[in-house]
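Working notes, beginning with the structure itself.
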Amino acid sequence: MYFKSFTDKNLAQNSYLIGCQRTGEAIIIDPPRSFAHIIEDAEIEGLRITAAADTHIHADYVSGARQLAVEHGVKLYLSDEGDEDWKYGYTDGIDVQLVKEQSTFSIGNIDFEVWHTPGHTPESVSFILTDRGGGASTPMGIFTGDFVFVGDVGRPDLLEAVAGKEGTATSGARDMYRSLKRFKQLDDYLVVWPGHGAGSACGKSLGSVPISTVGYEKQFNWALQINDEEDFVKELLHEQPEAPVYFAEMKKLNKVGPTVLHEQAIDLIKTIDNLNQVASEENVLVIDARPAKLAETGLYSKSINIPFNKSFANWIGWIAKYSENLVVIADEEIHEEIKTTLQSIGLDRIRAFVDPSVLTKAELDTYETITVDEFNDEMKKDHTFVIDVRNDTEWKNGHLPNANHLFLGNLKSMEIPTDKELLVHCQSGVRSAIASSILKARGFKTVKQMAGGYAEYEQIAYETIR
């Protein structure tokens, strides 16, 4: 058996390539939308991708299953669990086997048994692998998707949080409790291959280690230590992170069927006149993907600075609308990677890329980064309005006494006084830079962010007390 995992660091998402070296067949579990690198790896090993399987209808990224079926003719294994709201809607005209509890299928001499493991979502399934070609008669491990992570389990509240389906968070938590009781019955030696690692919003405390074992999770995963259902439900629903608004769109896309991508030429803007013309078009959002240090002293009018790093997909998903055409300011060498990242969460409407040198001819806006001491002095003035853009958990753990909690993901549309100078901070200074650019794009004249954020503020306060 050939086995290799692939991680999209922008989404903390894991995909798995499993191949039977005797027959040359291979399958991708939870394929990403961009999968050329996985196919290339398979070909190097003398394998051909004949199948793909999704553990559930994903909410945080676009599955590559449909693209693989249409573009490469692979057979899909998709869940047939859950009610009508949880059925795949794109199965006509492609080779699909719908699977349920106790279904089995094989890729060459590798066997997969399907377990229905609801909790994160009603249709969620896990795949238990047995390498019969290697002489095994008992399972090696389990692909858990968003059911069991390293140190955590999948959140059950997404339907309620992003789609407003009341009561589904509690019912999902109860489903998760029952699924975990069954998980505990598996042999300790089984490997756990999860769908995500640390950085994903599909749980609240995911570990950074890429794999685990059933036995290890029984010992150290908080969710497997609680043996009372009511206590478990309460703890699972407690302090789940904010659910990104784009998750609702992802659920819809992966259910009805993502658009099959084709090669497309994207305009490259090299003059300020061209940029001004495109930016003035209806329904255009200009994203500055440069580092914050560059953007803060030279923001193009009404652009929003979201630096291209591992948090880019999350914040662009919060801030951009799926109806908007995106114009992205970035160095040419990362255009392709940015395009792939945008498409991974279904943001396919990329109007143009902009060469950053164009900005030398533009009228630019700025915001200011100030020290903690300067921030403290500014807060004492009557004409300032302090904004804390951190998440709910961070806010509850401590905040400035005169701060207003306006979460970054919602800042684009929240009411803010127009007659004040704005003072912005987050935990470390990264999110407040994005927030500052949003506020400038909204037309606020004076915006200042705290260098080092609340963490540095606390450190200075602690050292002062000492």
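Overview of values
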| item | result |
| --- | --- |
| All positions within the stretch 426-462 that are charged (D, E, K, R) and in a helix (DSSP H, G or I) | Arg431, Lys440, Glu456, Glu458 |
| Among (1) part of a loop (DSSP other than H, G, I, E, B); (2) farther than 20 Å from Pro258 by Cα, the one test that Tyr61 misses | (2) |
| Elements of type helices (runs of 4 or more DSSP H) contained in the stretch 242-340, each with 3 or more residues being assigned by TED's automatic domain parsing to the domain that holds Glu160 and at pLDDT below 95 | 246-256 |
| Residue count for the stretch 399-414, restricted to those that are part of a loop (DSSP other than H, G, I, E, B) and either within 27 Å of the chain's Cα centre (by Cα) or in contact (Cβ under 8 Å) with a residue 60 or more places away in the chain (or both) | 4 |
| Selected residue (only one of Arg351, Arg390 is among the basic types (Lys, Arg), touching a Cys at 6+ places or on another chain (Cβ under 8 Å) and either touching a residue at least 24 places away in the same chain (Cβ under 8 Å) or not assigned by TED's automatic domain parsing to the domain that holds Gln13 (or both)) | Arg390 |
| Any hit, the stretch 91-114, residues being in contact with a Cys (Cβ under 8 Å, 6 or more places away or on another chain), at pLDDT 95 or above and either among the basic types (Lys, Arg) or within 23 Å of Asp152 (Cα to Cα) (or both) | no |
| The stretch 225-238: number of residues that are within 13 Å of Asp157 (Cβ to Cβ) and exposed (fewer than 13 other Cβ atoms within 10 Å of the Cβ) | 1 |
| Residues located in the stretch 363-398, provided they are surrounded by 15 or more Cβ atoms within 10 Å (Cβ to Cβ) and assigned to a loop (DSSP other than H, G, I, E, B) | Tyr367, Val389, Arg390, Asn391 |
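Here is a yes/no grid of residues against (1) of a type in the set (Lys, Arg); (2) out of contact with any His (no Cβ under 6 Å at 6 or more places or on another chain); (3) crowded, with 20+ Cβ neighbours inside 10 Å; (4) at positive phi:
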| position | (1), (2), (3), (4) |
| --- | --- |
| Ser413 | no, yes, no, no |
| Ile416 | no, yes, no, no |
| Val430 | no, yes, no, no |
| Ile434 | no, yes, yes, no |
| Lys440 | yes, yes, yes, no |
| Gly443 | no, yes, no, yes |
| Gly453 | no, no, yes, yes |
| Thr464 | no, yes, no, no |
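The values are calculated or read from the model by the stated rules, or taken from the named source; none is laboratory data. Model, not experiment: these values are computed from the prediction. Every residue, glycine as well, gets a Cβ built from its backbone with ideal geometry; the counts of neighbours run over all protein chains shown.
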